[in-house]
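Report on the following structure.
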Amino acid sequence: MSENALKSIKITELKPGMYVHQIEEQSGKVQIKSKGRVTSQAIVDSLRKRGVKILTVDVSKQFEPEGQSLPDIVDEPSASASSTEQQVDHKPAEEKISFSKELLRAERLHKRGKGIQKQLLNAVKKGLPFEDKIPREFSQNLVASIDRNPDALVCLTKIREKDDYLLEHSLNVAILLAHFGRFLEMSDAEVEDLAYSGFLHDIGKIRIPDSILHKPGRLDDMEMNVMKDHVYYGVRVLEDMGIAPHLVRTVSEHHERLDGYGYPAGSRGDEISRAGRMLAVVDMYDALTADRCYKDGMPSQKALQILLAETPDKLDAELVQLFIKCMGIYPVGSLVKLSNERLAMVVEQTASAVAPKVKVFYSLRGNHFLEPKDVDLSSTTTVKIDKPALASEYNINFNGFFDKSIAI
Ligand SMILES: [Fe+2]
């Protein structure tokens, strides 16, 4: 190989079809393989997200990139290879499947996500090390489920246990962010990053005293100042775990607001990354709709109105509009009262924003559960949605019913 075939470029100049000779400069602790063909955009994204900044390409080995069926990086034996190297596996596109088929898998994944979150929080609380690989892989599986059928996991974000707020909130934010990222047609790497940042975003809360973290009702100014430190603690924990800097940045920005009145940095406008703005929107939405031990969550429609009211000063107006489009007027998993005095759960969006597919499960006339029945409201004129509903308004144990009768 002639020396002048080697060229030093920035990561922003790297394209599929190039041959990476070596990594010259990178941040973060994860060392990556230094040689290989860049066969897809996913490789470029992956190198960027792992903190690669400058690299050397061998222009004599430039090639015509083919379809996505090629492995992402073709290895060459390298003297610098070490046991800490990681390789990005080729990920085949997930096949779309039905809501009911995905639901069982999604339920297992949801349960596992809560378990991992619990272990992670316990480890952080005790100052023990926790491998980044476990939540990272979980986030990838979460995105795979979203790709097979987003409605299954999104529906599960509505099934909450009041005492598990911290676990469920982080998991739900990861699910909704992945769904939102896919809706915006972001790349695999970007969507996985979003899910991962969502999953980790409130990890610092475990260092906040329980008396403040679980206080029913509003925090006073002093307590609020303590609570705000969760972002600082979270960033420290993630840096210690060796999480890539751009992910730490996303997490650090989830309470920043466009007008500069957020925290901890008081960043304004474009100083806040797009991923950070997306996380802020989804974090607020999930917090508003969550049932807590001291209050019921609000219906999705009301939460979406509140997000709108926070634009353009606090939240990104364009992103909020897109998030509303992504979730729909009647989000999957939300309950609705029908014109025939029955309650139903939204299970799928249709071409009509006001007439989704629903599962009818409760009679308000007889005050009893029904055998769940699927109805596509967009293909019937005899019944329509009367209004959004909350299980608590009608004093019914929807979670128990969901476990026994719907998620089977
Ligand atoms: Fe937070």
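Readers should treat all values here as calculations from the given coordinates under stated rules, not as data from a laboratory. Values in this document were obtained by computation on a predicted structure and should not be read as measured data. In this analysis, Cβ positions are derived from the backbone assuming ideal geometry, glycine residues included, and neighbour counts consider all displayed protein chains.
Descriptive notes on the structure:
- Amide hydrogen neighbours beyond the local backbone of Val52, cut-off 5 Å, H modeled: Ser27
- The calculated FRET efficiency for the pair Asp270 and Leu308, based on their C-beta separation and a Förster distance of 25 Å, comes to about 0.70.
- Couplings for the stretch 171-179, taken from phi via the Karplus curve 6.51 cos²θ - 1.76 cosθ + 1.60 with θ = phi - 60°, read 5, 5, 5, 4, 5, 5, 5, 5, 4 Hz in order; Gly and Pro are left as x.
- The helix-based estimate of mean residue ellipticity at 222 nm for the chain, built from -39,500 (n - 2.57) per DSSP H run of four or more residues and divided by its residue count, is -13000 deg cm²/dmol to the nearest 500.
- Annotation: amide H of Gly36 within the under-5 Å range of Val20, sequence separation 5 or more or interchain, hydrogens built in the peptide plane.
- Over the stretch 247-349: Kirkwood hydrodynamic radius from C-alpha pairwise inverse distances, Å: 14.7
- Distance between the 7 Å Cα→Cβ label points at Lys373 and Phe63: 5.9 nm.
- For the cross-link pairs Lys101/Lys228; Lys205/Lys314; Lys205/Lys295; Lys215/Lys387; Lys114/Lys215, the ones whose C-alpha atoms lie over 30 Å apart are Lys101/Lys228; Lys215/Lys387.
- The Cα atoms of the chain define a convex hull whose projected area, averaged across directions, is 21.8 nm².
- Per residue, the average separation of C-alpha pairs within less than 8 Å and at least 6 apart gives the chain a relative contact order of 11 percent.
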